[in-house]
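The block underneath contains the structure these notes are about, expressed in structure tokens.
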Amino acid sequence: MPDHLGREAQGAATDHVARIIAAWRRERPDLDPGPQGIIGRIHRIAATLTEELVATYGRYGLGEGEFDVLATLRRAGEPFEHRPSELAQHTMVTSGAMTKRIDRLEAAGLVTRRVSATDGRARVVALTGAGRELIDRAFTEHIANEHRLLASLSPADRTELERILAAWLVAMESAGD
């Protein structure tokens, strides 16, 4: 039996994914469902994390998309602005989706649109004072929530998990180039 199968049987044999893998091994012994141990767990963790994170954003009257726009503008530093196309690129959405997000945030008084100070042909989206104050509060709670969500992992496990996930993400993103 491959080593990863032995560790799985000794370790997390009681989680939902382990039960699915065991059923597939029973029903299709000709296949190795081992990758589901990683992919299935990442999928389930991602769904749980999304629920938790969206709940935090919601306490500030924000959806995930609006939080992303405000956070992107805030981490840009003074003067807390980007062109709409840059925001779309940073948040990986279409220009149409970005326009809708900006419209909602502008209507709420959290961002403004104006002509760029460096290029009179371009428009930029900038945080308002209220937008900066809101994202600072929301991001503070967001980070505390992320720490809470990772609290069951030791510092060493967190470091190792981050290293592995970063390497995998780089490989996957490079494969798409």
Checked pairs for region 24-42, first under 14 Å from TRP168 (Cβ atoms), second of a type in the set (A, V, I, L, M), C-beta under 8 Å and 6 or more apart or across chains, list as ARG41/VAL17
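Which residues, taken from region 49-63, are within 12 Å of the chain's Cα centre (by Cα) and either aliphatic (A, V, I, L, M) or part of a loop (DSSP other than H, G, I, E, B) (or both)? Even if it seems obvious, please write down each step before you answer.
At the first step, the residues of region 49-63 found to be within 12 Å of the chain's Cα centre (by Cα) are 49-54.
LEU49, LEU53, VAL54, listed by residue number.
If a residue has to be of a type in the set (Val, Ile, Thr), surrounded by 12 or more Cβ atoms within 10 Å (Cβ to Cβ) and not in a loop (DSSP other than H, G, I, E, B) to count, how many in region 113-139 make the cut?
If we filter region 113-139 for residues that are of a type in the set (Val, Ile, Thr), which is where we start, we get 115, 118, 124-125, 128, 135.
Add one more test, that the residue is surrounded by 12 or more Cβ atoms within 10 Å (Cβ to Cβ), and what stays is 124-125, 128, 135.
Filter once more, so that each one left must be not in a loop (DSSP other than H, G, I, E, B): 124-125, 135.
Number of matching residues: 3.
Out of GLU86, GLU66, which single residue is crowded, with 19+ Cβ neighbours inside 10 Å, assigned to a helix (DSSP H, G or I) and acidic (Asp, Glu)?
Values: GLU86 fails: crowded, with 19+ Cβ neighbours inside 10 Å.
Just one listed residue meets the conditions, GLU66.
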In region 36-55, anything farther than 17 Å from LEU161 by Cβ and modelled with pLDDT under 95 is listed as GLN36
_Any residue that is modelled with pLDDT under 95, surrounded by 13 or more Cβ atoms within 10 Å (Cβ to Cβ) and not in a helix (DSSP H, G or I) - is there at least one of those in region 90-109?_
yes
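The rows are residues; the columns are (1) in contact with a Phe, Trp or Tyr (Cβ under 8 Å, 6 or more places away or on another chain); (2) among the hydroxyl-bearing types (Ser, Thr, Tyr).
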| residue | (1), (2) |
| --- | --- |
| ARG74 | yes, no |
| PHE80 | no, no |
| PRO84 | no, no |
| HIS90 | no, no |
| THR99 | no, yes |
| ILE102 | no, no |
| ALA166 | no, no |
| VAL170 | no, no |
| GLY176 | no, no |
Taking first residues from region 99-113 that are without any contact (Cβ under 8 Å) to a residue 60 or more places away in the chain and second residues anywhere that are surrounded by fewer than 15 Cβ atoms within 10 Å (Cβ to Cβ) and of a type in the set (A, V, I, L, M), the pairs with Cβ under 7 Å that are 6 or more apart or on different chains are GLY109/ALA130; LEU110/ALA130
If we ask which residues in region 83-123 are under 24 Å from TYR60 (Cα atoms) and either touching a strand residue (DSSP E or B) at 6+ places or on another chain (Cβ under 8 Å) or among the aliphatic types (A, V, I, L, M) (or both), their number turns out to be 17
TRP168: passes all of (1) within 15 Å of the chain's Cα centre (by Cα); (2) assigned to a helix (DSSP H, G or I); (3) closer than 30 Å to ILE39 by Cα but (1)
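The values are calculated or read from the model by the stated rules, or taken from the named source; none is laboratory data. Here the structure is a predicted model, which means the values were calculated and not measured. All Cβ positions, even for glycine, are placed from backbone atoms using ideal geometry, and neighbour counts span all protein chains on display.
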